[in-house]
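One structure below.
Values quoted throughout were computed directly from the atomic coordinates according to the rules given, and no laboratory measurement underlies them. From a predicted model like this one, the values you see are computed outputs, not experimental measurements. Every residue, glycine as well, gets a Cβ built from its backbone with ideal geometry; the counts of neighbours run over all protein chains shown.
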Amino acid sequence: MGTLYITHDDSFIGKTDERLTVKADKKQLIDVPLIKVEGVVILGRATISPAAVMELLERKIPMSFMTGTGRFLGRLEPELTKNIFVRRSQWAADGETPKAIHVVQAFVRGKLKNYRGSLMRHMRDYPDNDLQKAIDALERAIDSLAAIQAIASLRGVEGHGSAVYWQAFPKLIRADGFSFTTRNRRPPTDPVNAMLSFGYSLLRHDVQGALNIVGFDPYLGYLHTERYGRPSLALDLMEEFRPLIVDAVVLSAINRKAIAPKDFTAEPLSKAISLSNEARKVFLTLYEQKKQSEFKHPVMGRKCTYQEAFELQARLLAKYLMDETDKYPPLVMK
């Protein structure tokens with residue numbers, strides 16, 4: 001099951017014995033054993049019973065609340081784990097420390113290498129689509145990281161590499177009716193950006209949950225600056241997963257025509273674009289399938305799912321900060 005997504009407005013989430021139930025319009029929509037639930041995401045309006053809340057907290061199952069368009073509103077989760085040693089090491093590395101510089105280099109390297117990998121795979125599949133200029137620019141950015149010892153400068157490399165990738169991104173879209181000019185959000189103003197923003201909100205839920213399991217404070221990050229209410233470390237760890245999961249799902253949905261241009265609506269005042277209810281369910285299914293797909297972890301040397309990889313990467317980060325390993329290896333897929 002993995003993550004349970006509640007998309008029907010005015011649903012009621014309850015608990016019956018060892019099962020979580022969802023009802024709406026006097027019908028039962030979901031009845032699933034709690035042992036199979038790793039997270040709950042509510043999109044839109046829903047009511048949850050006190051018994052269900054207590055059970056989720058007891059089982060350490062996080063629950064996120066989002067608008068129907070995927071904008072993150074808040075989160076209910078159990079207390080931080082008792083592993084104070086992880087958080088002490090996390091706080092000790094704060095600032096312009098050698099450890100902070102190392103992990104920022106790793107986060108940026110992982111993201112840019114996965115950007116490069118996405119472009120290279122696409123060019124192998126479609127040799128007529130020349131992406132070599134963008135690939136070369138990303139390689140130069142990656143090669144420059146080792147010599148940079150200032151976090152602000154590393155942020156600049158990340159920004160430059162992302163700009164290169166997004167400039168090439170329109171060439172990855174091969175279905176009629178979709179176009180992409182630039183990355184925009186708050187609100188997204190075209191269907192591609194709407195799906196990207198929605199996917200990144202889902203990814204944040206998953207990565208933040210993994211950090212909490214390991215014992216981190218998700219609000220103290222290194223690449224992303226501290227800001228009230230922003231889970232900076234979750235955004236840091238998300239970077240290497242963005243192209244692997246969300247961007248891949250968006251491109252698959254478009255190019256395989258699982259979602260069409262007609263599946264979007266626009267707000268009359270803000271011009272914000274969002275998925276229709278049915279298309280949102282399709283996207284959630286594709287996202288969950290991607291999370292549950294298996295691959296061989298390049299560091300651990302064994303098969304795992306992307307869902308498991310969130311926690312694996314969080315644990316590798318904890319080991320580095322606690323001096324149990326000499327580096328943090330980002331997840332990079334060939």
Check your understanding: What value, in deg cm²/dmol to 500, does the helix sum -39500 (n - 2.57) over DSSP H runs of n ≥ 4 give at 222 nm once divided by the residues of the chain?
Key -> -14500 deg cm²/dmol
Check your understanding: Could you give me the ³J(HN,Hα) list for segment 322-334, computed from phi with Karplus coefficients 6.51, -1.76, 1.60 and θ = phi - 60°, whole Hz, x at Gly and Pro?
Key -> 9, 6, 8, 9, 9, 7, 9, x, x, 7, 10, 9, 6
**Study point:** Dipole of the chain [Lys/Arg +1, Asp/Glu -1 at C-beta], most positive-end residue of GLY95, ILE254, LEU275
**Key:** ILE254
Revision key, fill the gap. Ranked on Cβ counts within 10 Å of their own Cβ, fewest leading, PHE283, PHE264 go PHE264, PHE283
Check your understanding: For segment 304-334, which GluC sites (Glu not before Pro) are in a loop by DSSP, counting at most 11 other Cβ atoms within 10 Å?
Key -> GLU324
Point to revise | Charge dipole magnitude, Cβ of K and R +1, D and E -1 - segment 214-334, Cα centre, debye nearest 20 | key: 560
Review point. How big is the charge dipole of the chain about its Cα centre, in debye rounded to the nearest 20, if each Lys and Arg gets +1 on its Cβ and each Asp and Glu gets -1 on its Cβ?
Key: 360
Check your understanding: Which aspartates and glutamates have a Cα lying under 13 Å from the Cα of LYS36, excluding residues fewer than 8 positions away in the same chain?
Key -> GLU18
Point to revise | Extension gain from ALA175 to ARG302, taking 0.36 nm per residue of separation minus the Cα-Cα distance | key: 42.2 nm
Point to revise | Beta bridges by DSSP in segment 1-109, antiparallel share as percent, to the nearest 5 | key: 55
Exercise for review: Can you list which of the trypsin sites (Lys or Arg not before Pro) found in segment 126-183 are DSSP loop residues with at most 16 other C-beta atoms within 10 Å?
Suggested key: ARG174, ARG183
Review point. So how much slack lies between ALA147 and HIS160, counting 0.36 nm per residue of separation and subtracting their Cα-Cα distance, in nm?
Key: 3.1 nm
Study note, to complete from the structure: Hits in segment 99-122: amide N under 17 Å from the 7 Å Cα→Cβ extension of LYS327, namely 99-114
Exercise for review: Compare GLU239, GLU18, GLU294 in a GNM of the chain, Cα atoms joined below 10 Å, and give the one with the largest fluctuation.
Suggested key: GLU18
Exercise for review: Check each of the chymotrypsin sites (Phe, Trp or Tyr not before Pro) in segment 169-240 and keep only those in coil by DSSP with at most 11 other C-beta atoms within 10 angstrom; list them in order.
Suggested key: TYR228
Review point. Within segment 1-18, whose backbone N sits under 16 Å from a point 7 Å along Cα→Cβ of GLN28?
Key: 12-18
Exercise for review: Name the most mobile residue of LEU172, LEU138, LEU73, meaning the one with the largest mean-square fluctuation, in a Gaussian network model of the chain with Cα contacts below 10 Å.
Suggested key: LEU73
Point to revise | Which of ILE48, PRO191, VAL299, positive extreme of dipole for the chain (C-beta unit charges) | key: PRO191
Practice item. Given the options MET63, MET123, MET195, state which has the largest fluctuation in a GNM of the chain using a 10 Å cut-off (strictly under) for Cα springs. Key: MET123
Study note, to complete from the structure: For ILE48, other-chain or 5+-apart residues with amide H closer than 5 Å (H placed, Pro excluded) are ILE13
Exercise for review: For each pair in LYS291/LYS334; LYS15/LYS262; LYS15/LYS291; LYS171/LYS327, compute the distance between the two Cα atoms and list the pairs where it is over 29 Å.
Suggested key: LYS15/LYS262; LYS171/LYS327
Point to revise | Derived scalar couplings ³J(HN,Hα) [segment 195-204; Karplus, 6.51 cos²θ - 1.76 cosθ + 1.60; whole Hz; x for Gly, Pro] | key: 5, 4, 5, 4, x, 5, 5, 5, 5, 4
Study note, to complete from the structure: At R0 = 51 Å the Cβ-Cβ FRET efficiency linking ASP94 and PHE295, nearest 0.05, sits at 0.95
Revision key, fill the gap. If HIS205, HIS160 are placed from fewest to most neighbouring beta carbons inside 10 Å, the sequence is HIS160, HIS205
